[in-house]
1. Just for helices (runs of 4 or more DSSP H) wholly inside the range 1-79: which have at least 3 residues that are without any contact (Cβ under 8 Å) to a residue 60 or more places away in the chain and under 24 Å from PRO216 (Cα atoms)?
2. Being surrounded by fewer than 15 Cβ atoms within 10 Å (Cβ to Cβ) and out of contact with any Gly (no Cβ under 6 Å at 6 or more places or on another chain): is that true of LYS267 here?
3. Give the number of residues within the range 270-290 that are crowded, with 18+ Cβ neighbours inside 10 Å, away from the ligand (no atom under 16 Å from the Cβ) and of a type in the set (A, V, I, L, M, F, W, C).
4. What's the total number of residues in the range 71-91 that are of a type in the set (Lys, Arg) and more than 12 Å from the chain's Cα centre (by Cα)?
5. Among (1) closer than 19 Å to ILE130 by Cα; (2) within 14 Å of the ligand (Cβ to nearest atom), there is one condition ALA238 misses while meeting the rest; what is its number?
6. Confirm whether VAL191 is touching a Phe, Trp or Tyr at 6+ places or on another chain (Cβ under 8 Å) and within 11 Å of the ligand (Cβ to nearest atom).
7. Looking only at the range 84-99, filter to residues that are in contact with a strand residue (DSSP E or B) (Cβ under 7 Å, 6 or more places away or on another chain) and part of a helix (DSSP H, G or I); which one of those is nearest to the ligand (Cβ to nearest atom)?
Amino acid sequence: MRLLDLKNKFHLELDAIYGKNEVGSFFYLCTEHYLNVLRMQLTLEPELKIENYKTELFINAITHLKAQKPIQYLLGETEFFGLTFKVNKNVLIPRPETEELVDLIITSHAKESKTAKLKILDIGTGSGCIAISLAKNLPNAQVYALDVSPEALKMAKQNAELNKVDITFIEASILDYNAISQFEGESYFDVIVSNPPYVRELEKEEILPNVLENEPHLALFVEDHNPLLFYKAITNFAIQKLKPKGVLYFEINQYLGEETKALLEEKHFEDVALLKDLNGNDRMLKGRKL
Ligand code: GLN
C-alpha cells in the first residue's frame, strides 16, 4: 500500500471517533514509530510504498484505536518533557499538566541545584516521568521515587535506564505508616513531589472511555468520602521528612483546590500557593515547611 492510501484509511476509519486533527497526529506517531519516517517526509513522499508486514501494523493500530485503546499504550511509548518514556497498562500515561508541575519545580530550584545537592522524593512515581525529568534537568539532584505497584516500578526502572539517570526506587505505600521506616537512614529531603490518585468516583462520568477502560484505576481514583486521603498522608510524611524550608509540590484535583490548600495551611506550611494549568484549572499546589 502507498503511504497516502494508509493515511486515507486512517481518516476514513477513525475521524468519526476522534476528529481529523487527532487522527492526523495518530498517523504521524505511527509512521514515526513503525517506519521511522518524519512528518516532513510524509508530505514529500505520499507515493512511498509500504511493505505488507508494515501495512499490517497500521491496520492493527486502526483496530485498537477504534476500540479506544490509547495510542501511547499501543506504541508502548510516549513523550514527556522532551524525553521518551515507555508506558504500559500498569502506569498512567504522562499528562501535559504534569509537565507544567515538573517545569515549576525545575524553574524554582535550578539556581540552588547548581551549588547544592538537592535531595528529591517523588511519591507515586508510576512511569517515573516526574522523577526522571527532574533528575535529567537538575543535574546535582539525588532523586528517590516511591510506588506501591511493583509493575509500575519495573516500568519506571526501565525508563530511568532509557534516559540514563540514576534513581533510587522504593516499593512502598505512602498510606502505610511504616513507609516512613523505609527512610530511616535517610537525612531530610529538599523537595517532595507527588501526583497521587485524585479523581473521585463521582467524576467518573467526566472521564473519557479511552482513559476509563485502559488506564490503571489504582493511579486515578479515590473514594468520594475521602478524596484527599493521599494528600493528607503525604503532607504528614513531608512534615517529618522534609528539611526545614523544604518544599512540597502536588498535582491536584481541579475541583478541590481550596480544600487541598487548606490542608497545607492547617499544617503550618508557608508560602502556600495554588497555581493554574494552561487550561486555567487549579492544578498545582506548593508549600514550604517552616
Ligand atoms: N489528570 C489525570 C486525569 O485526569 C488524573 C491524574 C491523577 O489522578 N493523579 O486523568
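Quick note: the coordinates plus some simple rules give every number you see, no bench work behind them. This is a predicted model, so every value here is computed, not measured. Reconstructed Cβ throughout: ideal geometry from the backbone, glycine too, with neighbour counts over all protein chains shown.
1. In the range 1-79, 20-30, 52-66, 71-75 are the helices (runs of 4 or more DSSP H) which contain 3 or more residues that are without any contact (Cβ under 8 Å) to a residue 60 or more places away in the chain and under 24 Å from PRO216 (Cα atoms).
2. Here the answer is no, as LYS267 does not meet what is asked.
3. Total meeting the criteria: 1.
4. Of the residues in the range 71-91, 1 are of a type in the set (Lys, Arg) and more than 12 Å from the chain's Cα centre (by Cα).
5. (2)
6. No: the conditions fail for VAL191.
7. Among them, the one singled out is GLU97.
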